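Undergrad: Below you'll find the structure I mean.
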Amino acid sequence: CNEAECPVDCVQSAWSEWSTCTALCDGGTRNRVRTTTVESTGVGTACGPVTEQGSCNTEACVDESVACTYNEWSAYSACTAVCGGGQQTRTRSSNAPQNGGAVCTEPLQEQLACNLETCPEAVDCSWNEWGPFEACSVSCGGGFQSRARTFTSPVNGGAACVGDVSETQTCNSAACATTTECVVSEWSAYGACSAPCGSGSQSRNRDILTSPSLDAAPCPSLSETTPCNPQACQDTTPVDCVVSAFGAWDVCSPSCLTTRSRAIVIEASNGGQVCPALMETVSCVGGTCPSA
C-alpha cells in the first residue's frame, strides 16, 4: 500500500542583488535572479519564478546642460630648494560637466619660481679628533675597549661625513692567572658596649686568611657594628635618707621603759647618707616605777 511518490516542496536560493539600471533617468529596468536547488514533486509546493524585473531611476531627465567648473586654488607648496632657484606648486580641482556641458580646458596646476638667490658656498662635514680609549672590559683573557669621535655637520648642502663615530679594539689578551678567592676567618666575639645605657655600640672583627687574586671578587667586610644597651640612663646623683620627726613617747611600760618612733620619708639611694635609727627607748617613772 501507499506506493505513491511522497510530495517534495520546491527549494529556491535567495534573490541576487539588483542589476544596474538600464537608464539614468526617465525610468529604466533592473533584474535579479535566483536558482532552484530542489524541484517539487507530487503535490509538493511548486517553484516560483527564477527571474524578477523592477523599475528604477524614474525621475525625469534634465535637459539643461551644466559646464565644468573650477574650485579655488590651494596654497603654494614649499619651495623645492632653499637657494639657487626652485619651484613651488599650487593645484585646484574641477567639477565634471553634466548633461553634455562644456569640459574644463584650463590647467589644474601652476608652478612658480622661488628662492632664486645664489646659494652660499657648501661646507663638507669634518671629523674631530678621536677621544682616548676607554678602560678594557676585562683585566686578562682578552677584552675590548672603545673610543669615539664627533663631527661637524655639513652646511649649505655640503657632503656628509663617511666613517664611524666609534671604533673598538681588543685589549688585555694575556691569559688570566688562576683565580684565588678571598677567605676570611670566623667572626670574633662582640666587644664591650661603648655605653652602659642610652644606646651604645659594640663591634666584632674577622681577619683575611687568603687574599684574593686581581680577577677575583674583593673580600667582604672585616668589621661589623651593632647597637647595644638601648635602655635610658638613670639619674646617679646621691640621695640622702629623710625621716620624719619623732612621735610622742609611749606610756611607761611595767619594765619602766618608754618608746617613741619616726618614719622614713625618702629612702637613701645612689650612695646617699643612710637613714638614722627610727626608734628611741628611755627609762621612765610613774606607776610602779620608782622616781630617779
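Undergrad: If you stretched the chain out fully between THR225 and ASN128, how much longer would it get, using 0.36 nm times the residue separation minus the C-alpha to C-alpha distance? Don't skip to the answer; put the middle values down first.
TA: On the way: separation 97, 0.36 × 97 = 34.92 nm, distance 5.35 nm.
Roughly 29.6 nm would be gained on extension.
Undergrad: Which listed residue (PRO218, TRP15, ALA102) has the Cα farthest towards the positive end of the charge dipole for the chain, taking +1 on Lys and Arg C-beta and -1 on Asp and Glu C-beta about the Cα centre?
TA: My answer, from the dipole projection, is PRO218.
Undergrad: On the full set of protein chains, 1.4 Å probe, figure out the accessible area of LEU24 and give it in Å² to the nearest 10.
TA: Probe radius 1.4 Å; accessible area of LEU24 about 150 Å².
Undergrad: Let me have the relative contact order for the chain, percent, based on Cα pairs under 8 Å that are six or more residues apart.
TA: Details: 597 pairs, mean separation 24.6, N = 292.
About 8 percent, as a whole number.
Undergrad: In 10 Å bins starting at 0, how do the alpha-carbon pair distances of region 109-159 split up by percent?
TA: Bins of 10 Å from zero give 19, 22, 20, 16, 11, 8, 4, 0 percent of pairs.
Undergrad: Can you work out the accessible area per residue across region 34-183, with the rest of the protein chains kept in place, probe 1.4 Å, in square angstrom?
TA: On the way: 10590 Å² over 150 residues.
Result: 71 Å² of accessible area for each residue.
Undergrad: Let me know the charge dipole size of region 139-238 about its Cα centre in debye, to the nearest 20, where only the beta-carbon of Lys, Arg (+1) and Asp, Glu (-1) is charged.
TA: Working: 4 positive and 8 negative charges, 51 e Å.
The dipole of region 139-238 has a size of about 240 debye.
Undergrad: A further question on this structure: How much of the pair distance distribution for region 77-220 lies past 26 Å, counting alpha-carbon pairs only, in percent?
TA: Looking at region 77-220, the distances longer than 26 Å represent 71 percent of pairs.
Undergrad: Projecting each Cα onto the charge dipole of the chain (Lys/Arg +1, Asp/Glu -1 at the beta carbon, about the Cα centre), which of TYR76, ASN205, GLY131 comes out farthest on the positive side?
TA: About the Cα centre, the residue reaching furthest to the positive side is ASN205.
Undergrad: Accessible surface of VAL285 in the full protein assembly, 1.4 angstrom probe, to the nearest 10 Å²?
TA: Here the accessible area works out near 90 Å².
Undergrad: What is the gain in length, in nm to one decimal, between ALA232 and VAL282 on full extension, counting 0.36 nm per residue of separation less the C-alpha to C-alpha distance?
TA: Values: separation 50, 0.36 × 50 = 18.00 nm, distance 4.86 nm.
Fully extending the segment from ALA232 to VAL282 adds 13.1 nm.
Undergrad: Let's see if you can work this out: charge +1 on each Lys and Arg Cβ, -1 on each Asp and Glu Cβ, no other charges. What is the dipole magnitude of the chain about its Cα centre, in debye to the nearest 20?
TA: Numbers: 11 positive and 30 negative charges, 296 e Å.
My answer is approximately 1420 debye.
Undergrad: Now for a different question. Just the number, please: carbon plus sulfur as a percent of the accessible area of the chain, 1.4 Å probe, no ligands or DNA/RNA counted. Don't jump to the answer; show the numbers that get you there.
TA: Working: 11100 of 20900 Å².
For the chain, the apolar C and S fraction of the accessible surface comes to 53 percent.
Undergrad: Of CYS171, PRO227, GLY48, whose Cα points farthest to the positive end of the dipole of the chain (charges on the beta-carbon: +1 Lys, Arg; -1 Asp, Glu; origin at the Cα centre)?
TA: The one lying farthest along the dipole's positive direction is PRO227.
Undergrad: Relative contact order for region 140-257: what percent, with Cα pairs under 8 Å and sequence separation of 6 or more? Write down the numbers at each step before the final one.
TA: Numbers: 165 pairs, mean separation 24.6, N = 118.
Averaging sequence separation for qualifying contacts and normalising by length gives 21 percent for region 140-257.
Undergrad: Assuming 0.36 nm per residue, please report the length gained on full extension of the stretch CYS193 to THR80 beyond their Cα-Cα distance.
TA: Numbers: separation 113, 0.36 × 113 = 40.68 nm, distance 8.41 nm.
Answer, rounded to one decimal: 32.3 nm.
Undergrad: Placing unit charges on C-beta atoms (Lys and Arg positive, Asp and Glu negative, everything else neutral), compute the dipole magnitude of region 1-148 about its Cα centre in debye, rounded to 20. Don't skip to the end; give the middle numbers.
TA: Details: 6 positive and 18 negative charges, 52 e Å.
With Lys and Arg at +1 and Asp and Glu at -1, about 240 debye.
The values are calculated or read from the model by the stated rules, or taken from the named source; none is laboratory data. Bear in mind the structure is a predicted one, so any value in this text is a computation, not a measurement. Quick reminder, even Gly has a Cβ in these numbers, built from the backbone with ideal geometry, and neighbours come from all protein chains shown. Ligands, DNA and RNA are stripped out before the accessible areas are found, and what is left, the full protein with its side chains, is counted by its heavy atoms. Shrake-Rupley method; radii C 1.70, N 1.55, O 1.52, S 1.80 Å.
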